[in-house]
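Everything below concerns the one structure shown next.
The values are calculated or read from the model by the stated rules, or taken from the named source; none is laboratory data. Computed from a predicted structure; not experimentally measured. Positions of Cβ are backbone-derived with ideal geometry, glycine not excepted, and every protein chain shown enters the neighbour counts. Ligands, DNA and RNA are excluded from the accessible area calculation, which covers all protein heavy atoms including side chains. Shrake-Rupley method; radii C 1.70, N 1.55, O 1.52, S 1.80 Å.
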Amino acid sequence: MQSQQKAESDLLRVYGRLVSLTLILIILAVIGFKYFATMPQLAARSVELEHTRFLNVLAMVRSQWLSLGKPQQMRLDWEVFNEQSANNDQTSVLMSVQGWPQPSHLDDQSCQLLWQQLMGQEAGDESLTGSYFTKDNSCRYRSKNGDSIGYQLNSGRVIFLTSS
C-alpha cells in the first residue's frame, strides 16, 4: 500500500506542477497580449512627441534667424553627448525669405536631411521617413505605423496626422 500512496502523491505533485505551469503561461500570455496591443499607441505617442519637438525647434530657429538679421543660411550648433565625451556638430541650413528652414534640394533625400539637421539626429536613425511633395511644396515625415508630420516650406506650417 505504501508504494501506491507514494505513486499517488508523486502523481499529485506532478499534477500540481502542471496546473501551476499552465497558470503561469496563461498569465504571461495575457500580459504579452496587452503589451503588444499597446505598441501602436506608444509609436503614435512617439510621433506626437516628435511633432512637439519639431515645432519648438522651428520656433527657436526662426527667432534666431530674426535676431541674426535674417541671413540666407544659418549654422545650427548641436551638442551630442556620448558616454564620456561631448562633440560639437555644426550644420548649415538654408533659410527662406520668410525665415523657415529649407532643404538644399526639393527631393525626398533633402527633406530627410533637413529633419536630421533640425532635430539633431544621426543619419542612421530612420524612425521617420522624409518625402517631398511638389503639390504643396512640403516635406512629409511618415512613421512606420502611418502617422505623419507635414512641414510646408513656404509658410512654416506643421501638420500632425494620425493613421487611425
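Residues in the stretch 140-164 that are of a type in the set (Ser, Thr, Tyr) and over 14 Å from Pro103 (Cβ atoms): Ser143, Ser148, Ser155, Thr162, Ser163, Ser164. Checking each residue in the stretch 140-152 for being surrounded by 17 or more Cβ atoms within 10 Å (Cβ to Cβ) and either in contact with a Cys (Cβ under 7 Å, 6 or more places away or on another chain) or not in a loop (DSSP other than H, G, I, E, B) (or both) picks out Arg140, Tyr141, Arg142, Ser143, Ser148, Ile149, Gly150, Tyr151. If we keep just the residues of the stretch 76-124 that are modelled with pLDDT of 90 or more, assigned to a loop (DSSP other than H, G, I, E, B) and of a type in the set (A, V, I, L, M), which is least open to solvent (accessible area, probe 1.4 Å)? Filtering the stretch 76-124 for residues that are modelled with pLDDT of 90 or more, assigned to a loop (DSSP other than H, G, I, E, B) and of a type in the set (A, V, I, L, M), the one least open to solvent (accessible area, probe 1.4 Å) comes out as Leu106. Scanning the stretch 127-139 for residues that are closer than 15 Å to Gln102 by Cβ and over 14 Å from the mean Cα position of the chain (by Cα), which turns out surrounded by the fewest Cβ atoms within 10 Å (Cβ to Cβ)? Among those that are closer than 15 Å to Gln102 by Cβ and over 14 Å from the mean Cα position of the chain (by Cα), it is Thr134.
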